[in-house]
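Read through the structure below, which is laid out as structure tokens, and then see the notes.
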């Protein structure tokens, strides 16, 4: 295990979303916009995209620049001030290329906005997901448990269904977020703050670091930097130097999830009540 070489403060743990909030449907009080914040340090540009929506769990940017958000009342498309329900259940989201997003609601992974389930994936009890764009179309990668043996691992499936092969195993805890920067490389974090790597050409996970933030995980286009949410901050992990750095932000609450924007130049950060766009440091 590689210890963290640099960490400015102790990374915070998970913050539970307000799951009991009943949002019902779209409301005139929901606020969507791009109000800029001048409170971000180190030149980070932060824009508020959605505010005053309690019970948020996750949010991603679709290819057309709109938002897809999951909250206690379900999963929604947000385009300006127009909010449309896509699916009755919330869950972990990942942006797609040929579709708006994919949702892991605790059963079969669902393709949005159509709401089409990807048969067979639910048997693995996916704990999250990420999407790898290939010449053959979107390929889903997700942590889950083998329905026969119960063994925990990382699995992959085509967006149009088919076999679900194992691509990594050897984890010691449930992995909540996962990111594939290129090829067969898999990064993931556990709820206890462990960072794992399944390197290209390998099929067994290696514990890289402990004590990392657990509020989401994504990465740069070249795979050299990982971006994690934790507390009221964005964290960067330098893959080559194994260093973790905190970039404090003045958001409304702690970060629950982080996803890359469609242009790869920044991230979509979700708290329990708001969604932000932030440029990468």
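The values are calculated or read from the model by the stated rules, or taken from the named source; none is laboratory data. Source: prediction; values computed, not measured. Heads up, the Cβs are rebuilt from the backbone with ideal geometry, glycines too, and the neighbour counts pull from every protein chain shown.
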All positions within segment 88-99 that are outside any strand (DSSP E or B) and under 24 Å from residue 186 (Cβ atoms)
91, 96, 97, 98, 99
Being over 26 Å from residue 45 (Cα atoms), at pLDDT below 95 and crowded, with 24+ Cβ neighbours inside 10 Å narrows it down to one of 204, 198, so name that one.
198
With the checklist (1) at pLDDT below 95; (2) assigned to a strand (DSSP E or B); (3) surrounded by fewer than 24 Cβ atoms within 10 Å (Cβ to Cβ) in hand, flag the one item residue 85 doesn't pass.
(1)
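Residue by residue, here is whether (1) over 18 Å from residue 253 (Cα atoms); (2) surrounded by fewer than 17 Cβ atoms within 10 Å (Cβ to Cβ); (3) under 17 Å from the mean Cα position of the chain (by Cα); (4) at pLDDT below 95 holds:
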| position | (1), (2), (3), (4) |
| --- | --- |
| 16 | no, yes, yes, yes |
| 37 | no, yes, no, yes |
| 45 | no, yes, no, yes |
| 58 | no, no, yes, no |
| 71 | no, no, yes, no |
Return a yes/no flag: does segment 156-173 have any residue that is touching a helix residue (DSSP H, G or I) at 6+ places or on another chain (Cβ under 7 Å) and in contact (Cβ under 8 Å) with a residue 24 or more places away in the chain.
yes
Any idea how many residues of segment 167-194 are within 14 Å of residue 125 (Cα to Cα) and modelled with pLDDT of 90 or more?
0
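Could you list, in sequence order, the residues of segment 100-129 that are crowded, with 20+ Cβ neighbours inside 10 Å and either modelled with pLDDT under 90 or in a loop (DSSP other than H, G, I, E, B) (or both)?
Here is the first cut: in segment 100-129, the ones crowded, with 20+ Cβ neighbours inside 10 Å are 100-105, 109-112, 118, 121, 124, 126-129.
Across segment 100-129, the qualifying residues are 100, 105, 109, 118, 121, 126, 127, 128, 129.
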If you go through segment 174-218 one residue at a time, how many are in a loop (DSSP other than H, G, I, E, B) and either closer than 24 Å to residue 58 by Cα or touching a helix residue (DSSP H, G or I) at 6+ places or on another chain (Cβ under 6 Å) (or both)?
14
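Just the residues that are buried (at least 21 other Cβ atoms within 10 Å of the Cβ) and more than 28 Å from residue 263 (Cβ to Cβ), please, taken from segment 130-147. Can you show your working first?
Within segment 130-147, the subset buried (at least 21 other Cβ atoms within 10 Å of the Cβ) is 130-131, 140-144.
Within segment 130-147, just 144 meets the criteria.
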Residues located in segment 127-139, provided they are within 18 Å of residue 106 (Cβ to Cβ) and over 13 Å from the mean Cα position of the chain (by Cα)
none
Only residues in segment 253-277 that are surrounded by fewer than 19 Cβ atoms within 10 Å (Cβ to Cβ) count as the first member; pair them with residues that are modelled with pLDDT under 95 and not in a strand (DSSP E or B), Cβ under 6 angstrom, at least 6 apart or cross-chain, and list the lot.
262/63; 264/221
Residues (surrounded by 17 or more Cβ atoms within 10 Å (Cβ to Cβ) and without any contact (Cβ under 8 Å) to a residue 40 or more places away in the chain) located in segment 238-250:
239
Please go through (1) in a loop (DSSP other than H, G, I, E, B); (2) without any contact (Cβ under 8 Å) to a residue 24 or more places away in the chain for residue 139 and return the number of the only condition it doesn't satisfy.
(1)
Out of the strands (runs of 3 or more DSSP E) lying entirely within segment 219-281, which hold 2 or more residues that are farther than 18 Å from residue 68 by Cβ, within 13 Å of the chain's Cα centre (by Cα) and at pLDDT 95 or above?
225-229
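Working carefully through the options 235, 196, find the one that is touching a strand residue (DSSP E or B) at 6+ places or on another chain (Cβ under 9 Å), under 28 Å from residue 106 (Cα atoms) and free of Cβ contacts under 8 Å to residues at least 60 places away in the same chain. Spell out the reasoning first.
Details: 235 fails: free of Cβ contacts under 8 Å to residues at least 60 places away in the same chain.
The conditions single out 196.
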Can you report the number of residues in segment 111-136 which are farther than 25 Å from residue 205 by Cα and touching a residue at least 24 places away in the same chain (Cβ under 8 Å)?
6
